[in-house]
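Novice: Here it is, the structure in full.
The values are calculated or read from the model by the stated rules, or taken from the named source; none is laboratory data. Since this is a predicted model, take the numbers as computed values, not measurements. Cβ placement follows ideal geometry from the backbone for every residue including glycine, while neighbour counts extend to all protein chains displayed. To get the accessible areas, we keep the full protein, side chains included, count just its heavy atoms, and leave off ligands, DNA and RNA. Shrake-Rupley method; radii C 1.70, N 1.55, O 1.52, S 1.80 Å.
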Amino acid sequence: MAPRYEICVGLEKGHKTTKNTLKAKPSNAKGKLTKHNKFVRDLIREVAGFAPYERRAQELLRIGKEKRCLKFLKKRIGSHDLAKRKREEMQSVLQAMRKKAAA
């Protein structure tokens, strides 16, 4: 490949500089799941239970209507990716319930 020169046109135009290496911002850690955070969320889930729309989603999954469950959650939550994540969460909750009942 040809050597790179300081030219005034094209993708690599302008004075050649080196990138600064920046420290990680504290805001990048926002939303990280910590041990304490997980404990608090589990405790809240245990005390408060599930929201009505989550119970309905679980019911749809119980009868095997996964696609209908996704459409329902998408309408309630507003995002396809978040709905998929919520459906996975509800499926894992149902599996844990089944495992607990079997044991």
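Novice: Picking from 80, 60, 93, whose Cα lies most toward the positive end of the charge dipole for the chain (charges on Cβ: Lys, Arg +1; Asp, Glu -1)?
Specialist: 60
Novice: About the Cα centre of the chain, how large is the charge dipole given +1 on each Lys and Arg Cβ and -1 on each Asp and Glu Cβ? Please answer in debye to the nearest 20. Kindly include the intermediate steps, with their values, before the conclusion.
Specialist: Numbers: 29 positive and 10 negative charges, 54 e Å.
So the dipole magnitude of the chain works out to roughly 260 debye.
Novice: Hey, another quick one. Per the helix-only calculation at 222 nm, which mean residue ellipticity applies to the chain, given -39500 (n - 2.57) for every DSSP H run of n ≥ 4 and division by its residues, nearest 500 deg cm²/dmol?
Specialist: -19000 deg cm²/dmol
Novice: What pairs in 74/99; 32/99; 19/84; 71/99 have C-alpha atoms more than 30 Å from each other?
Specialist: On the way: 74/99 28 Å; 32/99 28 Å; 19/84 38 Å; 71/99 27 Å.
Flagged as over cut-off: 19/84.
Novice: Ignoring ligands, DNA and RNA, what accessible area per residue does the chain give at 1.4 Å, in Å²?
Specialist: Accessible surface, normalised per residue, equals 92 Å².
Novice: Can you order the peptides 17-27, 38-48 by their average number of other Cβ atoms within 10 Å per residue, highest first?
Specialist: 38-48, 17-27
Novice: Would you please put 88-101, 57-70 in order of how densely packed they are, using the mean number of other Cβ atoms within 10 angstrom per residue and starting with the highest?
Specialist: Descending packing order for the listed peptides: 57-70, 88-101.
Novice: For region 36-103, just say rounded, prolate or oblate: build the C-alpha gyration tensor, square-root its eigenvalues into a ≥ b ≥ c, call rounded for a/c under 1.5, and beyond that prolate if a/b exceeds b/c, oblate if not.
Specialist: Working: a/c = 2.05, a/b = 1.23, b/c = 1.66.
Oblate, since a/c reaches 1.5 and b/c is not below a/b.
Novice: Something else now. Can you give the relative contact order of the chain as a percent, counting alpha carbon pairs under 8 Å and 6+ residues apart? Provide the component values of the computation, followed by the final result.
Specialist: Details: 35 pairs, mean separation 15.3, N = 103.
15 percent.
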